[in-house]
Each structure stands twice: as C-alpha cells, then as structure tokens.
C-alpha cells in the first residue's frame, strides 16, 4: 500500500513498483493516515510505503495506531528531509526503513526488496541519531564479520566508530587529520575485512559490537 498526500506522487510510485518488481502488486492508495487505516483493514498489505507528514493523521500517528492494535506490518517511511524528526519517531515505533522522496527507481526497488527480506535500509546519519536517542530497532538479518573485529587496525577501528556516528568521509578525514582518499581506502578495507556491504550495515555492526 502507498500512503501519500500527493496524488501524482503515489500514482507514479505505484507504476514504478509494479513495473520493476514483477511479483509486487499495489493493493491500495491512500492520501492520509485515516484513509490508510481503513484500506489496511480491507487489504492487509504485506508492506506499506508511508508518507510521514500528512493532514488528518500523519505517518507517526498511523504507525502508533497499528502498533497499539498489535498489527504492525513492514513499513518504509517516505520523507523529504533525511533529518526529519518524525522519521526518528517512526523508526522507534517499528518502521523498517526510510526513503527520501527524491530516490531513484533502482534504489527504491532495492529498499523494498531489502525490507521484504527482513533487512533495514537506513542512512548512517539517521542510524546515528537513533543510536544517540537509544531507539535503534534490531534488524533481523545476520550481520557478517562477528569474529573479525580483532582484524581491524587501530586506525580502521577509529574510522568505523566515526562512520557509526554518522560522519561522511570528508568529516572523518578532518577529524582524524587524514586525506579523504586515505579514509576511503580505510572504509573499503573495513568492508572487506568485516564482509559488510554499505555504511548502514557498518553502523549496525558497530552498534551490535558496542563500539558506540
């Protein structure tokens, strides 16, 4: 189900999803949380793409209502800004990930498939904010690299900790007085040693292993 107060956006999103994911069917479209709640009861979708800021009932209120009833499906929050405080609240309540509305179709498809497979697509900065607020929900996927942390050099460990705090390569370089290219090499080495795919997974790894 797609829930967004912009009609053109939700209809275009439906077309993209059904074209790019052959076994996916959008069973309902809704313009706000109240419409979404009624549609959810009729269709019981497996996954919901949910706008976070809507009239009548916003995304956080919708999630809270479903959670109170014990019927929370997989939810991906849609937002315009990656520092939206509503996103943080939605993640604390049990949303499985978030997407910026400007996302390209390939990344949209990837995120939907990740959530369907039990993964949690999050940006490092949002994950770092959740860490600081004590609200990171545990992902169901098994993270690799559990026994490999001892193989990291002290510098790589420092870089990993800063990744977990939401810093990008430039910020890490400035903080550790390194060239940005050197930081990039350290990041690649960390991924290789720990078997990680991206920064969001690196953040979760650091959290699970008590590095932040």
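Each reported figure results from applying straightforward, stated rules to the coordinates on display, with no laboratory input. Not measured: the values here are computed from a predicted model. Cβ coordinates were reconstructed from backbone atoms using ideal geometry, including for glycine residues, and neighbour counts include every protein chain displayed.
With a simple spin-label model that places each label point 7 Å from the Cα along the Cα-to-Cβ direction, the separation between residue 180 and residue 42 comes to 5.1 nm. Translational diffusion of region 1-102 was estimated from the Stokes-Einstein equation, with Rh taken as the Kirkwood radius over Cα pairs; at 25 °C and 0.890 mPa s the coefficient is 184 µm²/s. Estimated from the Cβ-Cβ distance and a Förster radius of 30 angstrom, the FRET efficiency linking residue 56 and residue 198 is about 0.25. Taking every Cα-Cα distance in region 1-59 and sorting them into 5 Å bins from zero, the calculated P(r) comes out as 4, 22, 31, 25, 14, 4, 1 percent. Helix 33-43 and the long axis of the chain differ in direction by around 80°, with both axes built from C-alpha atoms. How big is the gap, in Å, between the Cα center of region 150-198 and the Cα center of region 74-109? Value for the Cα centre distance between the two parts: 25 Å.
Can you give the angle from 0 to 90° between the axis of helix 180-194 and the longest principal axis of the chain, with both taken from C-alpha atoms, to the nearest 10? Around 80 degrees separate the two axes.
Between 0 and 90 degrees, the angle of helix 59-68 with respect to the longest Cα principal axis of the chain falls at about 80 degrees.
Here the extension length gained between residue 25 and residue 155 equals 42.1 nm, from 0.36 nm per residue of separation less the Cα-Cα distance. Across the alpha-carbon set of the chain, the Rg to Rh ratio works out to 1.01, Rh being the Kirkwood radius.
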